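Below is one structure, written out as C-alpha cells, with a few remarks after it.
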Amino acid sequence: MTYDDGHATILRDDLTDTHGLSEKKMFGGLCFMLNGNMLCGVHKGGGMFRVGKDNEAAALEIEGVDPLSFTGRKMGGMVDVNEDLIGDDDRRAQVMALAMDFVSSLPAK
C-alpha cells in the first residue's frame, strides 16, 4: 500500500508549527506522531486521524469521515478520511482539531 505524497505534504503543512511532531512510516502509509503518540496519517486513498472515542461521534458527522477498519474490524477512536476531505481546508481542520484535542491530552511516550 502506498500513499499520496501530496496528501502527506498537506498534513505536514498543517502541522508546521506543532512542537513535538515526528513522522513515521507504518502500516504502508505515513503517520504523524505528536510526542510519540499517533495523531494522523496518510494511506492509499485518503488518511486517518486519531480523534479518541469521546470525539469519534463528532468526527463521523463531518462529510468524508468514516470509521477506520483496515482489517474489517472497527478501530475505536480512529477515523478514516477520504481524499476529498484531505483537500478541503475547512473539513480537514475540523477533524485535525478533534485529533489534536485528544492526542495532546495523552502522556508523551
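The values are calculated or read from the model by the stated rules, or taken from the named source; none is laboratory data. A quick note: this is a predicted structure, and the numbers were derived from the prediction, not measured. Please note: Cβ atoms are built from the backbone with ideal geometry, for glycine as well, and neighbour counts cover all protein chains shown.
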Within region 21-38, count every residue that is modelled with pLDDT of 95 or more and either exposed (fewer than 15 other Cβ atoms within 10 Å of the Cβ) or under 13 Å from the mean Cα position of the chain (by Cα) (or both). 12
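Residues checked against (1) modelled with pLDDT under 95; (2) at positive phi; (3) more than 13 Å from the chain's Cα centre (by Cα); (4) not basic (Lys, Arg):
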residue: 40; (1), (2), (3), (4): no, no, no, yes
residue: 48; (1), (2), (3), (4): no, no, no, yes
residue: 57; (1), (2), (3), (4): no, no, yes, yes
residue: 64; (1), (2), (3), (4): no, yes, no, yes
residue: 74; (1), (2), (3), (4): yes, no, yes, no
residue: 79; (1), (2), (3), (4): no, no, no, yes
residue: 93; (1), (2), (3), (4): no, no, no, yes
residue: 105; (1), (2), (3), (4): no, no, yes, yes
Looking only at strands (runs of 3 or more DSSP E) that fall completely inside the chain, which ones have 1 or more residues that are of a type in the set (Phe, Trp, Tyr) and without any contact (Cβ under 8 Å) to a residue 60 or more places away in the chain? 29-34, 46-50
Scope region 48-66; condition surrounded by fewer than 15 Cβ atoms within 10 Å (Cβ to Cβ) and either farther than 16 Å from residue 92 by Cβ or touching a helix residue (DSSP H, G or I) at 6+ places or on another chain (Cβ under 7 Å) (or both); matching residues: 53, 54, 57, 63
The residue that is farthest from residue 42 (Cα to Cα), considering only those in region 87-109 that are touching an Asp or Glu at 6+ places or on another chain (Cβ under 8 Å) and surrounded by 15 or more Cβ atoms within 10 Å (Cβ to Cβ), is 102
